[in-house]
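The values are calculated or read from the model by the stated rules, or taken from the named source; none is laboratory data. Quick caveat, the model's predicted, so the values are computed rather than measured. No Cβ is skipped: glycine too gets one built from the backbone with ideal geometry, and neighbour counts run over all protein chains shown. Quick note on the areas: whole protein, heavy atoms, side chains included, nothing else; ligands and nucleic acids left out. Shrake-Rupley method; radii C 1.70, N 1.55, O 1.52, S 1.80 Å.
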Amino acid sequence: IGVVLALGVLLAAFGSLLAAGVPIVVSLCAMAVAYSLIHVGASIWQVHPTAPMVAAMLGLGAGIDYALFVVTRHRNAITAGRDPEAACIRALNTSGRAVLFAGATVIVALLGLLVLGVSFLNGVAIASAVVVLVTMTAAVTLIPALLGMFGMKVLSRKERRRLEAEGPRDP
């Protein structure tokens with residue numbers, strides 16, 4: 001239900017199904033990889049049964065948030081007249097760095113739960129940190145690949161027509 005609602009909000013914000021779908025797809029792909037790593041890791045450390053669900057909620061939220069940084073910056077650069085490749089480079093040079101910094105901060109904060117001495121939180125902390133790491137990695141690798149594949153289609157038809165008619169404008 002949350003993913004469908006998030007897609008609706010993103011669609012309303014971006015006006016383009018592709019632009020709205022990129023954060024959702026990237027988040028779900030990152031969650032699939034992270035869940036696999038958590039289940040493999042469960043053979044090494046004790047994971048509380050609620051840890052994967054907490055990690056999933058955190059991962060979806062962080063994944064959509066991190067993707068929004070990059071996709072929004074990419075769309076703004078295209079609107080300002082950059083070609084999709086240059087827009088992607090600009091998005092990663094600015095928002096990509098913010099994603100890495102924010103993700104690293106969240107990981108450090110989550111791993112801080114390890115020092116509390118509450119054993120069931122250890123699995124939650126590690127699982128959540130793994131999810132954020134995978135999500136952060138997907139945001140700076142998978143998103144540029146998708147944006148490069150979609151090109152100008154990350155803008156709505158209305159935005160593309162306006163760009164052709166009026167030329168670039170710095171948002």
Taking the range 135-171 and the residues there that are modelled with pLDDT of 90 or more and touching a Phe, Trp or Tyr at 6+ places or on another chain (Cβ under 9 Å), the one that is nearest to MET57 (Cα to Cα) would be THR135
Next on the checklist: Residue under question is LEU100, and the condition is that it be among the aliphatic types (A, V, I, L, M), touching a helix residue (DSSP H, G or I) at 6+ places or on another chain (Cβ under 9 Å) and at pLDDT below 90; does it hold?
Outcome noted: no
Across the range 110-153, the tally of residues that are of a type in the set (Gly, Ala, Ser) and closer than 23 Å to ARG97 by Cα stands at 8
Given (1) open to solvent by 50 Å² or more (accessible area, probe 1.4 Å); (2) under 15 Å from SER128 (Cα atoms); (3) more than 17 Å from the chain's Cα centre (by Cα), ALA51 misses just (1)
Selection from the range 38-92 of residues charged (D, E, K, R) and in contact with a Ser or Thr (Cβ under 7 Å, 6 or more places away or on another chain) yields ARG73
Report yes if some residue within the range 1-19 is touching a Leu at 6+ places or on another chain (Cβ under 7 Å) and without any contact (Cβ under 8 Å) to a residue 40 or more places away in the chain; otherwise report no.
yes
When the range 33-48 is checked residue by residue, the ones that are open to solvent by 60 Å² or more (accessible area, probe 1.4 Å) and of a type in the set (A, V, I, L, M) are VAL33, LEU37, VAL40, ILE44
